[in-house]
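Participant: Can you keep this structure in mind? I'll have questions shortly.
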Amino acid sequence: MTVLIEIKVPDVGNVAEIDVVEVLIQAGDVVALEQTVATLETDKASMDLPSSVSGTIQQVYIKPGDKVSEGSLIATVLANNDQAIAAPVPEASIPEPVVQVEAPVVVKEVEPIKQPVKTQVEVAVLESDPTQRKAHASPSVRLFARELGVDVAKIKTGSGRKSRILKDDVKKYVKKVMAEGVAATGAGIPSIPAVDFTPYGETEILKLSKIKRLTGQNLSRVWLNLPMVTYHDEADITDLEAFRNSLNAEKVKGEVKITGLMFIIKALVAAMQQFPNFNASLSADGESLILKKYFNIGIAVDTPNGLVVPVLRNANTKSINELALELNEKSEKARLGKLMPADMQGGCLTISSLGGIGGMAFTPIVNAPEVAILGVTRAKMQPVWNGKEFVPRLMLPLDLTYDHRVIDGAEGAKFMALIKQNLSDIRRLLL
Ligand code: CAO
């Protein structure tokens, strides 16, 4: 035998007007004992209103936006008679109010003046934050989300009834954000919305290689954390090129050729020796510089799987030929995917050379915790004014990106000037 049981607004503590925020049932729905049927909100608290019986909803008497008070009829439920005996009071049991963290009005009414400013600001934020109020989630879930710092409005749909956001959805969202790492969430930066490209034409999904994914995460992290400046200049390498060609002409077949990059490494190391700030890393607390007494140079190498940076250790102690041989070996290993982690660790400063490909200038991203990176593009014959006439000179474009927290603009320009000087007259490297 079934009986009709009324669910009414319980005593919530002498409150005249209670807002109906959400109604989660409709006629014909089967509700379980304790299942939330509506969300009510007073100016002191929000609460999920549970059903005190299980059964079938016969009629719903409220809608969102209504104002109700103690005893107002919420719904009628067709329930088994034995439940009616088990639950003799046909009203909803008094729900445990889910107190809003900041309980806005209580805070204001009780101690409006003594409240610390921060609390009042938080209250104001909450009151004016429509996303927190409109999210399709119960107060307890919203509270849970707030505790984790999650804006429930960002969880588009939930897995509950009528896409209601549940605790599990909040947990899943947090896991997803953690997995995506800083690139997706970085400093609260809005992520780029997903787009369905299929209406515009055929597409194909290509998984990123592990190297590309990790490089992407690292670059995004650096981009967000370092205030970077890129300084551009050109070095006259006409004489250097003539010397390099003469050296290569002496080589027998099969010997590793010397590219301009080896001289750039040497010029860079010489400049680092005079400007120790470039051979440094900022301490984690940002309070001091860790100056390095060794000179390990990373070289960005393009491979089919993405960019890797093998490190030439103690470049200051190696000859041009030794450097050429080592880079040849390491870039070969890199392209075959055979570099070991140790081959890529311990770098002090990185060179990214696109010279073999082309280019006029670019803005390389610092390979943090290093403080600078030197970009190189293709050398070009140019007419250069020598005071009397234009003469053809081979000019090498250089791009120096530095962490502006460590390197000042003038220091960057002086460092670059020294590299240029060393490349224009490599005899200086002997000094
Ligand atoms: N101007 C003119 N010619 C240049 C040059 C420059 N700046 N740099 C290199 N060249 C020439 C070389 O002399 C060589 O000429 P030959 O074939 O006549 O000898 C040719 O270009 C190819 O050089 P290379 O690139 O093989 O050798 P490298 O020592 O200059 O560079 C390496 C080695 C490993 C850095 C390079 O092969 C590489 O992978 N570059 C790409 C790095 C990269 O992707 N950086 C991007 C980082 S940002 O995403």
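Participant: Does ASN218 satisfy the criteria of being in the same structural domain as PRO383 (by TED's automatic domain parsing), farther than 30 Å from PHE144 by Cβ and not charged (D, E, K, R)? Step through it out loud before you land on a result.
Facilitator: On the way: in the same structural domain as PRO383 (by TED's automatic domain parsing): no; farther than 30 Å from PHE144 by Cβ: yes; not charged (D, E, K, R): yes.
So ASN218 does not fit the description; no.
Participant: In addition: Going through the range 63-77 one residue at a time, which ones are under 11 Å from ILE7 (Cα atoms) and touching a Leu at 6+ places or on another chain (Cβ under 8 Å)?
Facilitator: Of everything in the range 63-77, those that are under 11 Å from ILE7 (Cα atoms) and touching a Leu at 6+ places or on another chain (Cβ under 8 Å) turn out to be ILE74, THR76, VAL77.
Participant: If you take the residues of the range 196-218 that are of a type in the set (A, V, I, L, M, F, W, C) and in a helix (DSSP H, G or I), which of them is surrounded by the fewest Cβ atoms within 10 Å (Cβ to Cβ)?
Facilitator: Applying the filter and picking the extreme gives LEU214.
Participant: Let me ask something else. Of the residues in the range 46-63, how many are assigned to a strand (DSSP E or B) and closer than 21 Å to ASN80 by Cα?
Facilitator: 8
Participant: Let me ask something else. Report yes if ASP48 is of a type in the set (Asp, Glu) and touching a helix residue (DSSP H, G or I) at 6+ places or on another chain (Cβ under 7 Å), otherwise no.
Facilitator: yes
Participant: Does the range 300-308 contain at least one residue that is among the hydroxyl-bearing types (Ser, Thr, Tyr) and at pLDDT 95 or above?
Facilitator: The answer is no; no qualifying residue exists.
Participant: If you check every pair at least six apart or on different chains, which have Cβ atoms under 6 Å apart with a residue in the range 1-18 that is in the same structural domain as ILE74 (by TED's automatic domain parsing) and under 22 Å from THR42 (Cα atoms) first and a residue that is among the aliphatic types (A, V, I, L, M) and assigned to a loop (DSSP other than H, G, I, E, B) second?
Facilitator: Final answer for the pair search is ILE7/ALA92; PRO10/ALA92; PRO10/ILE94.
Participant: Among the residues of the range 215-258, count how many are within 14 Å of the ligand (Cβ to nearest atom), among the small types (Gly, Ala, Ser) and farther than 23 Å from PRO397 by Cα.
Facilitator: Here the count works out to 3.
Participant: Out of all the residues in the range 283-328, which are within 16 Å of the ligand (Cβ to nearest atom) and in contact with a Phe, Trp or Tyr (Cβ under 8 Å, 6 or more places away or on another chain)?
Facilitator: The answer is ALA315, ILE320.
Participant: Does GLY201 satisfy the condition of being closer than 17 Å to VAL376 by Cα and modelled with pLDDT of 95 or more?
Facilitator: On the way: closer than 17 Å to VAL376 by Cα: no; modelled with pLDDT of 95 or more: yes.
For GLY201, the condition - closer than 17 Å to VAL376 by Cα and modelled with pLDDT of 95 or more - is not met.
Participant: Right, another one. Given the condition within 16 Å of the ligand (Cβ to nearest atom) and under 25 Å from PHE243 (Cα atoms), answer yes or no: does some residue in the range 332-339 qualify? Let's see the steps before the verdict.
Facilitator: Keep residues of the range 332-339 that are within 16 Å of the ligand (Cβ to nearest atom), which gives 332-339.
Retained after the next criterion (residues that are under 25 Å from PHE243 (Cα atoms)): none.
No.
Participant: Now a separate question. Hey, among the residues in the range 223-255 that are part of a loop (DSSP other than H, G, I, E, B) and modelled with pLDDT of 95 or more, which one's farthest from the chain's Cα centre (by Cα)?
Facilitator: ILE237
Participant: Moving to a separate point now. Here is a check on your reading of the model: is ALA280 assigned by TED's automatic domain parsing to the domain that holds SER424, away from the ligand (no atom under 16 Å from the Cβ), touching a strand residue (DSSP E or B) at 6+ places or on another chain (Cβ under 8 Å) and within 22 Å of ARG405 (Cα to Cα)?
Facilitator: yes
The values are calculated or read from the model by the stated rules, or taken from the named source; none is laboratory data. None of the values given here were measured: they were computed from a predicted structure. When we count neighbours, we look across all protein chains shown, and the Cβ atoms used for this are built from the backbone with ideal geometry, even at glycine.
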